[in-house]
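Data first, discussion second: the structure below is written as structure tokens.
Please treat every number below as a calculation from the coordinates, not as lab data. In this text the structure is predicted, and so the values were computed from the model without any measurement. Here the Cβ positions follow ideal geometry from the backbone for every residue, glycine too, while neighbour counts run over all protein chains shown.
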Amino acid sequence: DDDDDDEDDDDMSDDDEKKKRKKKKIKTFSNFSTSQETKFGKEGIKTVHDDILLAKLVPGQEIELEAHCMKSIGADHAKFSPVGTCWYRLVPTVYFKKPIVGADAKVFMSECSDPIPNHKCFELKGSGEKAEVKIKSIRGCDLCLERIRELSGETGWDSKIAVLKKRDHYIFTIESVGARKPDVIFKEAVSILKSKCHSALGRLL
């Protein structure tokens with residue numbers, strides 16, 4: 001009988017422990033939708049892109065997630081950097097060493113404009129021997145630049161056209177991972193670089 005009483009006491013203590021655990025259990029959210037609006041606002045917690053697959057679950061399965069938010073900068077660790085990839089190049093410029101007129105103008109337009117309709121990089125003015133190619137966009141598009149590079153390598157054209165690079169004009173390409181927009185990242189990077197330059201100058205003076 002004493003043994004039975006001991007078993008009953010053990011059962012009661014187990015039940016009490018379970019009740020205490022339930023009371024102490026942290027409330028979790030079952031989905032990333034309206035249930036979070038009261039705590040995190042209308043935006044809530046969500047992925048940067050809606051088409052990102054997080055996990056595949058079978059019926060009855062669930063994910064219990066505990067997340068800790070930590071703010072830092074890329075100088076501490078690469079995982080805090082908002083930039084995916086970043087690179088720059090000098091701005092290419094189409095340069096005519098001499099006027100492209102007459103038969104050369106027709107060849108140039110056929111090589112560098114056709115078959116693209118309503119092309120806006122170059123235009124042909126006049127007709128016959130008076131026909132002349134005019135540059136509408138000195139920067140040109142990638143397709144035109146590549147065609148002009150090829151044409152400038154042919155005999156007779158190397159003395160007429162060239163693709164140069166502006167040494168004081170850069171094209172920055174920034175791919176963001178989503179935490180911040182590329183234009184914001186660029187402006188903040190320039191601001192940080194500016195402060196570092198002021199700091200370096202202060203030490204020299």
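There is at least one residue in region 79-96 that is under 19 Å from Leu124 (Cβ atoms), of a type outside the set (Lys, Arg) and touching a helix residue (DSSP H, G or I) at 6+ places or on another chain (Cβ under 8 Å).
In this structure, does Lys160 turn out to be within 14 Å of Ala105 (Cβ to Cβ) and either in contact with a Leu (Cβ under 7 Å, 6 or more places away or on another chain) or not aromatic (Phe, Trp, Tyr) (or both)? Yes, satisfied.
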